[in-house]
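Data block below; observations after.
The values are calculated or read from the model by the stated rules, or taken from the named source; none is laboratory data. Source: prediction; values computed, not measured. Note: ideal-geometry Cβ built from the backbone for every residue, glycine included; neighbour counts use all protein chains shown. The accessibility values were calculated without ligands, DNA or RNA, using every heavy atom of the protein model including side chains. Shrake-Rupley method; radii C 1.70, N 1.55, O 1.52, S 1.80 Å.
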Amino acid sequence: MSAPGAFYITTPIYYVNDSPHIGHAYTTLACDAVARFMRLDGQRVHFLTGTDEHGQKVDKAAEARGMDPQSFTDEVSQRFRDLVAAMGFSNDDFIRTTEERHKRSVQELWRRLVDAGEIYLGSYAGWYAVRDEAFYAESEIRDGKAPSGAPVEWVEEPSYFFRLSAWQDRLLDWYDANPDCILPESRRNEVISFVRGGLQDLSVSRTTFKWGVPVPGDDDHVMYVWLDALTNYMSAVGFPDEQSELFRTFWPADVHVVGKDILRFHAVYWPAFLMAAGIEPPRRIHAHGWWTNEGQKISKSLGNVIDPYELIDRYGLDQMRYFLLREVPFGNDGDFSHAAMVRRMNSDLANDYGNLCQRVLSMIGKNCGGAVPQPGELTADDRELLGTAENLIDTVRAQMERQASHQALESIWRVIADANRYVDSMAPWALRKTDPERMATVLYALAETIRHLAILTQPFMPGSSEKILDLLNVERRDFTALGESGRLAPGTTLPKPAGVFPRYVEPEAGA
Ligand code: MSP
């Protein structure tokens with residue numbers, strides 16, 4: 001993996017043939033939560049996203065718009081950068097495959113593959129799906145379509161080939177030696193059985209169009225867009241300068257997060273290219289599922305593409321982030337529906353988390369002079385609640401090491417439920433008259449619990465967590481502040497309480 005204490009996570013780079021939609025936002029969000037978590041946990045993180053700008057698909061999209069491909073990609077790539085800003089993503093770099101640093105890197109990888117005898121010149125005759133930018137064997141074609149449903153066309157042209165067929169056993173050994181290198185397990189099994197079924201040499205150059213990185217020494221060919229695109233993960237950390245601080249710190253990548261549709265490229269071709277060039281393959285490729293919209297496959301032709309900006313406007317950024325990360329176990333397919341979104345927003349956020357914060361902070365505001373109360377001696381119940389909150393990091397850390405944000409949120413919500421039960425059973429409002437000292441202790445235990453919760457929800461809902469931590473006047477917010485070392489100091493003045501998670505109310509008809 002990256003050097004100790006370092007963590008490198010990547011999103012796929014997005015095709016610039018189209019505007020960003022929910023699928024793109026989701027993949028990057030999944031990485032963003034992990035990247036933020038690792039930073040708060042003291043790791044030096046490199047989080048990369050970017051755009052995939054070469055190939056026939058982008059070339060055709062530019063042509064359809066009557067633009068030259070470079071101006072077209074400049075325009076569309078910017079829309080992906082705008083999404084990064086709108087979603088508050090914390091990526092450390094944004095790579096475009098049309099940048100010089102990338103062309104230099106992919107040409108060097110090519111040369112190394114040639115030097116290693118892994119590339120030879122031949123000619124390709126077979127099926128190609130521009131939509132997938134993928135070659136398909138005759139046996140895979142059903143009703144004139146690729147297995148993905150993409151239309152295919154017959155291609156015959158001179159082509160360089162990569163000796164993929166020679167890598168079958170070494171790939172199988174690699175999967176075997178690294179049980180977690182492909183997640184989830186079900187997808188790993190699919191990849192292994194695909195590789196066991198035998199591999200064909202892979203066409204890695206095209207001659208019928210020009211929009212790509214030229215093959216070194218043979219300008220008639222441009223490189224196959226997937227060889228070009230996959231290499232972005234190394235270009236961004238300085239390859240071919242392997243002695244650079246960036247490369248030594250971050251390569252091999254800890255995890256490439258990808259959608260299930262592009263797992264084969266990442267889990268078969270990419271490690272084979274790298275091993276063939278004598279470079280260490282990534283530590284993990286984690287494939288997530290696909291979102292549907294109200295039960296329907298998302299497609300432009302159905303007109304049901306979900307625009308991330310609309311979700312932000314309608315529900316709020318953190319609400320949307322929470323929903324996408326919590327609703328579906330990472331790796332599974334999931335359905336976006338308005339009803340499910342509103343349920344999560346009103347029940348998990350407004351009722352469970354929001355209400356906990358609101359009740360406790362307003363009781364402190366009213367009954368403790370607007371300052372952190374001075375606790376008396378802790379009872380077993382108080383210690384149990386605090387202990388649960390303090391130990392939560394261990395559970396969540398183990399879950400986030402497997403990119404399981406949904407599990408991490410479930411664990412955090414279990415503690416929110418514990419804290420709400422504790423409020424109900426301690427009834428601090430009743431203690432106000434009968435035993436104010438005990439009330440102060442209860443409210444202190446609760447404020448401390450909320451401090452832990454808000455520190456831990458930062459990776460998932462950065463803005464709202466920040467507001468809660470502001471309301472508690474908390475300065476240190478990284479994970480070293482969890483437990484005793486960051487305890488709230490009694491007597492600290494707190495700002496006036498304010499609600500953090502509004503309920504969703506359907507707009508009036510016609511409004
Ligand atoms: N350019 C390639 C990736 C190259 S990586 C070296 C590509 N781009 S893409 O823009 O078509 O897709 C990018 C990601 O978006 C993929 O991981 C894909 O799974 C994801 N999604 C596209 N639609 C999606 C949904 N409806 N739901 C979830 N994610 C989906 O492939």
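See the values below:
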{"quantity": "Listed residues Gly55, Thr492, Ile192: farthest to the positive end of the dipole of the chain (Cβ charges)", "calculated": "Thr492"}
{"quantity": "Acute angle (nearest 10 degrees) that the helix 355-367 long axis makes with the longest principal axis of the chain, alpha-carbon atoms", "calculated": "30 degrees"}
{"quantity": "Residue-averaged [θ]222 nm for the chain, counting only DSSP H segments that reach four residues, each worth -39500 (n - 2.57)", "calculated": "-14000 deg cm²/dmol"}
{"quantity": "Alpha carbon centroid spacing (whole Å) that separates region 115-154 from region 252-321", "calculated": "22 Å"}
{"quantity": "Cβ crowding within 10 Å averaged over residues, with 46-59, 420-433 ranked highest first", "calculated": "46-59, 420-433"}
{"quantity": "For region 6-289, accessible area per residue (1.4 Å probe, heavy atoms of protein chains only), Å²", "calculated": "37 Å²"}
{"quantity": "Share, in percent, of DSSP beta bridges within the chain that are antiparallel, nearest 5", "calculated": "50 percent"}
{"quantity": "About the Cα centre, charge dipole magnitude for region 338-486 (Lys/Arg +1, Asp/Glu -1 at Cβ), debye", "calculated": "480 debye"}
{"quantity": "Rounded to 10°, Cα long-axis angle of helix 380-400 versus longest principal axis of the chain", "calculated": "10 degrees"}
{"quantity": "Per residue value of the accessible surface for region 338-486 (all protein chains in place, 1.4 Å probe), Å²", "calculated": "40 Å²"}
{"quantity": "List Met400, Met363, ordered by accessible area with a 1.4 Å probe, largest first", "calculated": "Met363, Met400"}
{"quantity": "Prolate/oblate/rounded call for region 6-289, Cα gyration tensor, a/c under 1.5 rounded", "calculated": "rounded"}
{"quantity": "The chain: Lys pairs at Cα distance under 22 angstrom, eight or more positions apart or on different chains", "calculated": "20"}
{"quantity": "With eigenvalues of the C-alpha gyration tensor scaled by 5 and rooted, region 31-82, Å", "calculated": "34, 9, 7"}
{"quantity": "Whole-number percent relative contact order across the chain, with pairs defined as alpha carbons under 8 Å at least 6 apart", "calculated": "16 percent"}
{"quantity": "Apportionment of accessible area to carbon and sulfur, the chain, percent (1.4 Å)", "calculated": "48 percent"}
{"quantity": "Principal axis dimensions, largest first and in whole angstrom, of region 338-486 by Cα", "calculated": "46, 37, 27"}
{"quantity": "Cα-centred dipole magnitude for the chain, charges only on beta-carbon of K, R (+1) and D, E (-1), debye, nearest 20", "calculated": "1240 debye"}
{"quantity": "Interatomic Cα distance distribution for the chain, bins of 20 angstrom, percent", "calculated": "21, 48, 24, 7, 0"}
{"quantity": "Placed amide H near His288: partners under 5 Å, 5+ positions off or other chain", "calculated": "Val258, Gly259, Lys260"}
